[in-house]
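A.B. asks: Structure provided below as structure tokens; questions to follow.
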Amino acid sequence: MAPVATPFFFYLLSALMLVGGILVITRKNPVHSALALITTLLAQAAIYLMLYAPFVAGVQIILYAGGIMVLFLFVIMLVSIDRSIKERQFNSQWLIGVVAATALGGLLIAVYTKGASLFPGGPVTVAAEGDNTQRVASLLYGQYMFSFEIASLLLLVAIIGAVVMAKKRI
Amino acid sequence: MREFIQYITSYLGSNQTPGTAGNIFWVVVYVLLVFTGISLGVIAMNWLERKILAHMQVRLGPMRVGPHGLLQPFADALKLLLKEDLIPAEADSVIFWCAPFMVVLAAFTVFVVVPFGPTHAITDMNIGILFMLGVSSLSVLGIVMAGWASNSHYPLIGALRSSAQMVSYEVAMGMAVVSVILMTSLNAVGTGTLSMIGIVQAQLAQHEWFIFKFFPLGLIAFFIFAVAMVAETNRAPFDLAEAESELTAGFHTEYSGFRWSLFFLAEYGAMMAASSIAVTLWLGGWLRPFPNMLAGAGWDQLFSFIPGASFLFLAGLCFYSTARMPKHPYFRIQTIGLAGFGALLGLVGLILFIPPVRAWVQDIFWFSAKVAGFMYLYIWYRGTFPRYRFDQLMKMGWKVLLPMGLGILILTAGVALYQQNLWHP
Amino acid sequence: MTNQNTLSHVDLETPEKPFLDANELVINMGPQHPATHGVLRVILRLDGEKVLGLECVIGYLHRGVEKIGEHRTYTMFNPYVDRMDYVAAVSNGLGYCETVEKLLNVEAPPRAQHVRVILTELNRIASHQLWLGTHALDIGAITPLFYTFRDREEILKIYEKYCGARLTTHAFRIGGLQYETYAGFEKEVKNFLNFFRPKIDEYEELLTTNRIWLERTKGVGKISAQDCIALGVTGPVLRASGMKWDLRKAQPYACYKNFDFEIPIGQNGDTYDRYLVRMVEMRQSVRIIEQALGALPEGPIMAKVPKVMKPPAGEVYHSIEAPKGELGYFIVSDGSTQPYRVRVRPPSFVNLQALDLMCRGQLVADVIAVIGTLDIVLGEVDR
């Protein structure tokens, strides 16, 4: 499939992501923030698609936009919104925040400039489209089996922890 | 200009979907065709549901607008469009405004990958089924937005119910779907596919619909999906989100007019989408019955007459009803209308007998017929079952369907390995 | 049995501590709500979907029926009682007529009494049919409603032929009946019974063994016989809790003592038992009507009652088993043509008290089921 107007869509989606991200932290109403976050996540899924990673894009939509964010909204809606609107948006730890953000930004720029050799110079040759999912699968269940299982163990612990914390008596 | 015509005609000989071939013109044409088809389907469902439900309940159903109420959906649509569109004063107007569009978007985008035939799909994605599940799961966002933005208790409870319900049933649904994807991998290469077209072709290659595969494993997986699908679309007996006796109208209590009709459209669109997934995954998609057992040119010929014949049958029904119409002058216009409708159906039937059309349309016909069967089931459920309570619904999703789905998945994997001689217990 | 102990957990002031400090939701259900059976307003306190407590607000349909009674003669007041429980108007009329007859110390002739029993039992069937349809609709099954309404129509046709009205019939007069039965009355009632018997099976086929119906009704809205007695709950609700109390047997009125029928009782006092009890009651009503038709005597239909009724000063309480429970009339006479005071003990009003007790700790959906199973008619609750 020939790519269509790639730079245009890339900038459009990036802009959408940035705007969404900014709205997430500036909106006072948490429901609005959550919806902005969903926009960001969907735009991110579209960027994955542009990177010829349809499987990751699909998972992103199912898990984040369709699953996790729904639960987010679920909780936010039950909490009193009036109170959170009155609260201060930015707390007194802004100094640490700025330092952390600068450090992270510096790191990104450093990697991008110094580690140019890590990135391929020209267009990447993309694997045949049908193989994508299969490749992800064979990598996950082959080469990275151990880390994959560790991650699932971590999630299991988190689930049990959540149940223990939420339920007063089991 | 010539280039343009050439661009258009270049696709015609192709045996790919327009999306895969990358032909934008035909993609647009297909999108328009599919969406017109879906909208027509929703209109037809509107009438059929009322009529069938009415006959199940010893009533007549709509009888006044047009013969046998045939024009009722149009009258309703007109009424809804002319109705005042209210936004409650205390509502969050932006989100209130967005929500119905979100739901419609989710319900209709799904049809991008639905294969009505080997080439009759807008596009064929290699993550087709994943895309369908993902996008249809987005409709819950619209429902939650609608419920919250209304700033009213009943919609909020309705939205909470439906979000919990949809998130829960998606899990069981996913398990059933994965077992089908496992089945597609039973070929010489040993790799399965997520593509909707690929799944149907796998059923053709393996000479059986996946509902009968590894009997009864395929059947149970189908059953899990069939239950979860009703829950996903918020229909009876899982229509808690809009349970009218408890929550008046659930998440769309505060909606009216055009915006309400969008919810209606989305609900029926989602029903059709879910049915299409079930048809594609278990019932052989566009394949006609017995494509392998009754193979051969003669059988192909015979089966290709069925679409036209069934339309002629419907036309015959119309003419029969026309003959039975009361002879009073008051009914003259209705009688003429019914006869005209019958003539239209007959004409469509005759057109479907023309050889090129016949060849082109029969895949679509079989697919739609299977989907229609599911739609009938939806109506039947609604006429028969009481409504589940919320905790029972959750119990069913998490404690019955999910373990069943996991079990089926493991069993299917085991049987598949055994069949491929990869595992010897 | 101590009232204090059985009802001590009904304390509106101490809700359970809500989970995660999620706000406790106060929902106003009604007075315009599709499932409150009229203009009942219920204030629900919810924790998520769990009911912490509820309060009924009534009076939206108050028409002052009792006060009107003080300004009408005994005869003139008779049609007003039909407007209380408008789905069981015949029963209301029977209760009132019998009370005034007791006050006047007259008795309706046997033929009148038999016709009264036939019409009242038909009315019980009609009322239970309406209950079944709406109750099933509340729980989400829409089809039974249309089945029951189709069959109820036949009863209403009999009423219409007998007295000209379908709903607020004013079928009885003090001292007997005004109208002799129309030609073919017995045959039509018999036809109805033959038509109706298989229909009960049809309703039961849709619901009795339906898994979802069982899940929705079993163990929902439980109430013990003690709580029923403490709250004064009567009728099928009381009987479903295991208490064999039916005024038709306990204090026979009209000519019920002549007939052989059974009082169905339940064991668990839940919604499902109440459903079963009412279903059996319909079958029993068919039995009673059959016997009454078989033993329908000839003779006068009106006792000797003065044109201008001036009952002796005094007071009287008389109650009958209406479809919904004990329907009592308390009339005080000062010797004039008008009652000094009329007090009605409507079954719906008293049964409604149990709603809070039955719903506590259940889910919102159960509140609907319980309102349906209590079978209230707001016309009677508010009067």
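The values are calculated or read from the model by the stated rules, or taken from the named source; none is laboratory data. Given the structure is predicted, the values throughout are model-derived calculations rather than measurements. Neighbour counts are summed over all protein chains in view; Cβ atoms, including those assigned to glycine, are modelled from backbone coordinates with ideal geometry.
A.B. asks: Count, please, the residues in segment B:20-66 that happen to be within 17 Å of B:Val110 (Cα to Cα) and touching a residue at least 40 places away in the same chain (Cβ under 8 Å).
C.D. replies: 10
A.B. asks: Right, here's the next one. Would you pick out the residues in segment B:304-337 that are among the polar types (S, T, N, Q) and either modelled with pLDDT under 85 or surrounded by 16 or more Cβ atoms within 10 Å (Cβ to Cβ) (or both)?
C.D. replies: Correct list: B:Ser304, B:Ser321, B:Thr322, B:Gln334, B:Thr335.
A.B. asks: If C:Ala108 satisfies all but one of (1) part of a helix (DSSP H, G or I); (2) away from chain B (no Cβ under 14 Å); (3) among the aliphatic types (A, V, I, L, M), what's the number of the condition it fails?
C.D. replies: Result: C:Ala108 passes all but (1).
Every residue, every condition in (1) buried (at least 20 other Cβ atoms within 10 Å of the Cβ); (2) modelled with pLDDT under 85, yes or no:
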residue: B:Trp47; (1), (2): yes, no
residue: B:Ala54; (1), (2): no, no
residue: B:Arg64; (1), (2): no, yes
residue: B:Gly117; (1), (2): yes, yes
residue: B:Gly128; (1), (2): yes, yes
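A.B. asks: Within segment C:324-340, which residues are within 20 Å of C:Leu119 (Cα to Cα) and not in a strand (DSSP E or B)?
C.D. replies: Correct list: C:Lys324 only.
A.B. asks: Of the residues B:Leu71, B:Leu32, B:Leu60, which is hydrophobic (A, V, I, L, M, F, W, C) and closer than 26 Å to B:Phe385 by Cβ?
C.D. replies: Answer to the check: B:Leu60.
A.B. asks: Given segment B:119-229, what helices (runs of 4 or more DSSP H) lie entirely inside it while holding 3 or more residues that are more than 11 Å from chain A (Cβ to nearest Cβ) and hydrophobic (A, V, I, L, M, F, W, C)?
C.D. replies: B:153-184, B:196-205
A.B. asks: Please work out if C:Glu262 is more than 25 Å from the chain's Cα centre (by Cα), in a loop (DSSP other than H, G, I, E, B) and of a type in the set (Asp, Glu).
C.D. replies: No, not satisfied.
A.B. asks: Name the single residue, out of those in segment C:360-383 being more than 13 Å from chain B (Cβ to nearest Cβ) and among the charged types (D, E, K, R), that is surrounded by the fewest Cβ atoms within 10 Å (Cβ to Cβ).
C.D. replies: Only one residue tops the list, namely C:Arg360.
A.B. asks: Now, a different point. Name the single residue, out of those in segment B:11-66 being within 25 Å of the chain's Cα centre (by Cα), small (Gly, Ala, Ser) and not in a loop (DSSP other than H, G, I, E, B), that is farthest from B:Phe116 (Cα to Cα).
C.D. replies: This residue is B:Ala54.
A.B. asks: So is B:Ala309 in a helix (DSSP H, G or I) and over 13 Å from the mean Cα position of the chain (by Cα) or not?
C.D. replies: yes
A.B. asks: Return the only residue of C:Leu214, C:Leu206, C:Leu238, C:Leu193 being surrounded by 22 or more Cβ atoms within 10 Å (Cβ to Cβ) and outside any loop (DSSP other than H, G, I, E, B).
C.D. replies: The unique qualifying residue is C:Leu238.
A.B. asks: Looking at C:Tyr86, C:Tyr74, C:Tyr60, C:Tyr80, which one is within 21 Å of C:Ile301 (Cα to Cα) and among the aromatic types (Phe, Trp, Tyr)?
C.D. replies: Just one listed residue meets the conditions, C:Tyr74.
A.B. asks: With the condition kept exactly as written, say whether any residue in segment C:80-91 is over 30 Å from C:Gly294 (Cα atoms), among the aliphatic types (A, V, I, L, M), touching a Pro at 6+ places or on another chain (Cβ under 7 Å) and within 14 Å of another protein chain (Cβ to nearest Cβ).
C.D. replies: Among the residues of segment C:80-91, not one is over 30 Å from C:Gly294 (Cα atoms), among the aliphatic types (A, V, I, L, M), touching a Pro at 6+ places or on another chain (Cβ under 7 Å) and within 14 Å of another protein chain (Cβ to nearest Cβ), which makes the answer no.
A.B. asks: Here is a follow-up. If you check B:Phe116, B:Phe111, B:Phe131, B:Phe96, which single one turns out to be of a type in the set (Phe, Trp, Tyr) and more than 17 Å from the chain's Cα centre (by Cα)?
C.D. replies: Within the list B:Phe116, B:Phe111, B:Phe131, B:Phe96, the selection yields B:Phe96.
A.B. asks: Looking at C:Glu315, C:Glu321, which is the one that is of a type outside the set (A, V, I, L, M, F, W, C), in contact with a strand residue (DSSP E or B) (Cβ under 7 Å, 6 or more places away or on another chain) and assigned to a strand (DSSP E or B)?
C.D. replies: Result of the check over C:Glu315, C:Glu321: C:Glu315.
A.B. asks: Still on this structure: Within segment C:152-186, restricting attention to residues that are under 19 Å from the mean Cα position of the chain (by Cα) and not in a loop (DSSP other than H, G, I, E, B), which residue is nearest to the other protein chains (Cβ to nearest Cβ)?
C.D. replies: Filtering segment C:152-186 for residues that are under 19 Å from the mean Cα position of the chain (by Cα) and not in a loop (DSSP other than H, G, I, E, B), the one nearest to the other protein chains (Cβ to nearest Cβ) comes out as C:Glu153.
A.B. asks: Let me ask something else about it. Answer with yes or no whether C:Arg72 is within 21 Å of the chain's Cα centre (by Cα) and surrounded by fewer than 18 Cβ atoms within 10 Å (Cβ to Cβ).
C.D. replies: Here the answer is no, as C:Arg72 does not meet what is asked.
A.B. asks: I've got another one for you. From the list C:Arg283, C:Arg248, C:Arg274, which residue is charged (D, E, K, R), touching a residue at least 60 places away in the same chain (Cβ under 8 Å) and either in contact with a strand residue (DSSP E or B) (Cβ under 7 Å, 6 or more places away or on another chain) or assigned to a loop (DSSP other than H, G, I, E, B) (or both)?
C.D. replies: Going through C:Arg283, C:Arg248, C:Arg274 in turn, just one is charged (D, E, K, R), touching a residue at least 60 places away in the same chain (Cβ under 8 Å) and either in contact with a strand residue (DSSP E or B) (Cβ under 7 Å, 6 or more places away or on another chain) or assigned to a loop (DSSP other than H, G, I, E, B) (or both): C:Arg248.
A.B. asks: Right, B:Ala77: without any contact (Cβ under 8 Å) to a residue 12 or more places away in the chain, surrounded by fewer than 20 Cβ atoms within 10 Å (Cβ to Cβ) and part of a helix (DSSP H, G or I) or not?
C.D. replies: For B:Ala77, the condition - without any contact (Cβ under 8 Å) to a residue 12 or more places away in the chain, surrounded by fewer than 20 Cβ atoms within 10 Å (Cβ to Cβ) and part of a helix (DSSP H, G or I) - is not met.
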